[in-house]
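Single-structure report; data block below.
The values are calculated or read from the model by the stated rules, or taken from the named source; none is laboratory data. This is a predicted model, so every value here is computed, not measured. For neighbour counting, all protein chains shown are included, and Cβ atoms are generated from backbone atoms with ideal geometry for every residue, glycine included. Surface areas here come from the heavy atoms of the whole protein model, side chains and all, with no ligands, DNA or RNA. Shrake-Rupley method; radii C 1.70, N 1.55, O 1.52, S 1.80 Å.
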Amino acid sequence: MAWAPDLSYYSYNLNRPLKNVFNVGWLDARHDFDRGRVDPITIVKIRHIINRRECRLTRRACRCGFCAQESEQTPSNLTDARLAGSDTAPHSHGEIWVPAHGGYVFAAPSLIAHFIENHGYRPPEQFLDAVEAFDIDTVFDGDALFRQLTQLESA
């Protein structure tokens, strides 16, 4: 999975970063990240957003690099350690985009809930506030917003 610092401009697979779209939760094992408790209700809401609003789907799975490392260090049975890591690590195929006040949007990998629950990741407060404020029943299409923003950037 691609690493990006929290609250940096989003530029995944783009020539230029998108203004007003900020990265959250693009973690990898080579970079430190903030850790701490996240309210369980917020985690449930993040999971609802993933289940109902996942966007930017890809054919390639992004795997959890932390779980892959753990699997490689402790392979089960006679399975090759590299295969154990790649076959068993949690993975996702998309992102969530969460709108915030002021026209900002946060872009996070769908693995964000896994990172919070299993690796102690604490997203920035701005993201957590946006999740809490987000009405899951509103019409919000991250893919449509992405297309709109990339067309504006290329114009």
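The table below gives the values:
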| read-out | value |
| --- | --- |
| Per residue accessible area of the chain, 1.4 Å probe, in Å² | 58 |
| For the chain, calculated [θ]222 nm from helices alone, where every DSSP H run of n ≥ 4 adds -39500 (n - 2.57) | -11500 deg cm²/dmol |
| Relative contact order (percent, whole number), the chain, Cα cutoff 8 Å, 6+ residue spacing | 28 |
| Accessible surface of the chain, 1.4 Å probe, proportion on carbon and sulfur as whole % | 49 |
| Amide H contacts of Tyr10 (H built 1.01 Å from N, under 5 Å, at least 5 apart or other chain) | Leu18, Val21, Phe22, Asn23 |
| Spin-label zone in the stretch 117-143 - amide nitrogen under 17 Å from a point set 7 Å from the Cα of His48 along the C-beta vector | 128-141 |
| In degrees, nearest ten, helix 142-154 long axis to first principal axis of the chain (Cα) | 70 |
| In sequence order, calculated HN-Hα J values of the stretch 4-16 (Karplus, 6.51, -1.76, 1.60; Hz; x Gly/Pro) | 8, x, 4, 6, 7, 5, 6, 8, 4, 6, 10, 6, 9 |
| Per-residue SASA entry for Asp137, accessible area with 1.4 Å probe, Å² rounded to 10 | 110 |
| With Cα atoms, 0 to 90° folded angle of helix 40-53 axis to the chain main axis | 70 |
| The chain: Cα Rg divided by the 2.2 N^0.38 Å rule of thumb | 1.08 |
| For the stretch 130-135, 3J(HN,Hα) per residue [Karplus equation, 6.51 cos²θ - 1.76 cosθ + 1.60, θ = phi - 60°, Hz, x = Gly/Pro] | 5, 4, 4, 7, 6, 8 |
